[in-house]
Amino acid sequence: MSTLGQKIAAALQWTRRYSAALVMMIAGLCALIASGVQLWQTAHFLSQATWTQGRVVRASAHPLIRFSTAAGPSVQFVQNGFLTRPVGAQVKVVYTERDPVRTARAATFWTLWGPVLWWLPMGFGFTVLPLLGAEVTWRPRRF
């Protein structure tokens, strides 16, 4: 085999061996960036937010919570998961005064920090595992 042919064969073998790991690491870095963006957004939100008490009006997987703002009006919002409380239970609520209807959230650890923590395991796993020697390869088509 010629020298050029050997170089091409070596390059193809390298591509087959490391391209899947490289794609996996890029996906991991994207997940870590997403986690960092969520962290910044949550920290920024909490630095400007007002805290108050609310009550669960309707208990479900997405409970309806009602609270009164510092300005006085009563506001209700649907909490998108991460919270299970019975009707009438008190819940800490955090919101921004300029738009309480759109920014209100139940102030629990998982409702505030869950989106940040969701990305971390995937990001670290996809980034670190190929570096630790985990073999990642493309699978041939099944069909």
Review point. Among (1) closer than 30 Å to I26 by Cβ; (2) hydrophobic (A, V, I, L, M, F, W, C); (3) modelled with pLDDT under 95; (4) touching a helix residue (DSSP H, G or I) at 6+ places or on another chain (Cβ under 9 Å), which single condition is L83 missing?
Key: (1)
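Listed here are the residues, each with its yes/no results for (1) touching an Asp or Glu at 6+ places or on another chain (Cβ under 8 Å); (2) farther than 18 Å from A104 by Cα; (3) without any contact (Cβ under 8 Å) to a residue 24 or more places away in the chain.
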{"position": "A31", "(1), (2), (3)": "no, yes, no"}
{"position": "W40", "(1), (2), (3)": "no, no, yes"}
{"position": "F45", "(1), (2), (3)": "no, no, no"}
{"position": "T50", "(1), (2), (3)": "yes, no, no"}
{"position": "G54", "(1), (2), (3)": "no, no, no"}
{"position": "A61", "(1), (2), (3)": "no, no, yes"}
{"position": "F67", "(1), (2), (3)": "no, no, no"}
{"position": "A71", "(1), (2), (3)": "yes, no, no"}
**Study point:** Residue that is surrounded by the fewest Cβ atoms within 10 Å (Cβ to Cβ) [pool: residues in the stretch 59-107 that are among the polar types (S, T, N, Q) and touching a Pro at 6+ places or on another chain (Cβ under 6 Å)]
**Key:** T69
Check your understanding: For the stretch 23-53, which residues satisfy the criterion of being crowded, with 16+ Cβ neighbours inside 10 Å and over 13 Å from G125 (Cα atoms)?
Key -> A34, S35, Q38, L39, T42, A49, T52
**Study point:** Subset tally (residues that are within 14 Å of L46 (Cα to Cα) and either in contact with a Lys or Arg (Cβ under 9 Å, 6 or more places away or on another chain) or surrounded by fewer than 12 Cβ atoms within 10 Å (Cβ to Cβ) (or both)) for the stretch 108-135
**Key:** 4
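The values are calculated or read from the model by the stated rules, or taken from the named source; none is laboratory data. None of the values given here were measured: they were computed from a predicted structure. Positions of Cβ are generated from backbone atoms using ideal geometry, with glycine treated the same way; all protein chains shown enter the neighbour counts.
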